[in-house]
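Before we start, here is the structure in question, set down as structure tokens.
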Amino acid sequence: MAEYLSTLTSELGIPVVVFVMVFVMVSAWSMTWKLIALWKSARKNSIIWFIVLALFNTVEILPILYIFVFSKMKSSKPVVKKKSTKKKKR
């Protein structure tokens, strides 16, 4: 693995440290968008979207679209809100 990495970086003309740092930053960027989209789909009870977002990696285009476009659409199932357990005073 180390040999492959050094060969790749030498052909690209960049140091190994820079390559690893860019890889870590891109991974963090990707995971952030994916986790936000998964969280929003779970909160809206969108099971189909949750599965699609979890299984397919689309260079974070699909999670970003879900966050800004599809999560704002009204779903066919209403989100159930919990009722308050406090008793009203008379």
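The values are calculated or read from the model by the stated rules, or taken from the named source; none is laboratory data. Because the structure is a prediction, the values reported are computed rather than measured. Every residue, glycine as well, gets a Cβ built from its backbone with ideal geometry; the counts of neighbours run over all protein chains shown.
Enumerate the pairs (first residue in the range 39-54 and on the phi < 0 side of the Ramachandran plot; second residue anywhere and in a loop (DSSP other than H, G, I, E, B)) with beta-carbon separation below 8 Å, excluding pairs fewer than 6 apart on the same chain, so at least 6 apart or on different chains.
ARG43/VAL79; LYS44/SER75; LYS44/VAL79; SER46/SER75
Let me ask another. Within the range 18-37, can you find the residues that are surrounded by 14 or more Cβ atoms within 10 Å (Cβ to Cβ) and out of contact with any Phe, Trp or Tyr (no Cβ under 8 Å at 6 or more places or on another chain)?
Across the range 18-37, the qualifying residues are PHE19, SER30, TRP33, LYS34, ILE36.
Let's see how each residue does on (1) over 16 Å from the mean Cα position of the chain (by Cα); (2) not in a helix (DSSP H, G or I):
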| residue | (1), (2) |
| --- | --- |
| THR7 | yes, no |
| ILE14 | yes, yes |
| MET21 | yes, no |
| VAL26 | no, no |
| LEU35 | no, no |
| ILE51 | no, no |
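Something else: Among the residues of the range 38-49 satisfying the criterion of being at pLDDT 90 or above and part of a helix (DSSP H, G or I), which is surrounded by the most Cβ atoms within 10 Å (Cβ to Cβ)?
Among them, the one singled out is SER41.
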